[in-house]
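*Asks:* So that we are looking at the same thing, I have put the structure below in structure tokens.
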Amino acid sequence: MRDPLTAANRCLVSPARIAEVLNGLKTVYGTMPAETATLKDEAQSTEDAEFAEAAEAEGEAAPEPPDCTGQNHHVISRPIAKALMDHKILSGLYEPRDERYVAKAKDKESHCGYQKWHRDVDLEVIRWIRRFDDATQKEFEAFLRALYNRKDMLKRFPNGFGPAT
């Protein structure tokens, strides 16, 4: 029978600590064993799954507003802002629900509450932030613009995003 806990869960090790140890290994040995890289990926996947579950619970705890007709969507959600706080370059440049980055939804179906598509987008942005730890503000905002210029996102937010008006 397979153990349901990941190696990181069994040892109570955070993905950040695993990354720190891996970087130390790279410094000492110049390379990283494949099984160590797998451990880090496994730990990060577990953390991502926990984030998704917490976001799901938060979405359930905050039901859709009764008179929702298409909300302002904050591109820098609270979970994204939290991930940005840990970024070595982007930390301090953005606020949760930053008014400089708001998109008006086309209608209620496009955005009302913290829907699944919203949680999926948040998770995608958070993974990008973690993956590109040397990203500049310009690169991060270019990523966001590309994301919000996708066909599925333009259907929800035809005017893209910018400062709240």
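The values are calculated or read from the model by the stated rules, or taken from the named source; none is laboratory data. Just so it is clear, the structure is predicted and the values come from calculations on it, not from any experiment. Note: ideal-geometry Cβ built from the backbone for every residue, glycine included; neighbour counts use all protein chains shown.
*Asks:* Among the residues of segment 84-97, which ones are more than 15 Å from the chain's Cα centre (by Cα) and either surrounded by 12 or more Cβ atoms within 10 Å (Cβ to Cβ) or not in a loop (DSSP other than H, G, I, E, B) (or both)?
*Replies:* 89, 93
*Asks:* Could you check, for segment 45-66, whether at least one of its residues is at pLDDT 90 or above and surrounded by fewer than 17 Cβ atoms within 10 Å (Cβ to Cβ)?
*Replies:* No, segment 45-66 contains no residue that is at pLDDT 90 or above and surrounded by fewer than 17 Cβ atoms within 10 Å (Cβ to Cβ).
*Asks:* Let me ask something additional. I'd like the residue in segment 135-165 that is of a type in the set (Gly, Ala, Ser) and in contact with a strand residue (DSSP E or B) (Cβ under 8 Å, 6 or more places away or on another chain) and, out of all such residues, is modelled with the lowest pLDDT.
*Replies:* Among residues in segment 135-165 that are of a type in the set (Gly, Ala, Ser) and in contact with a strand residue (DSSP E or B) (Cβ under 8 Å, 6 or more places away or on another chain), the one modelled with the lowest pLDDT is 164.
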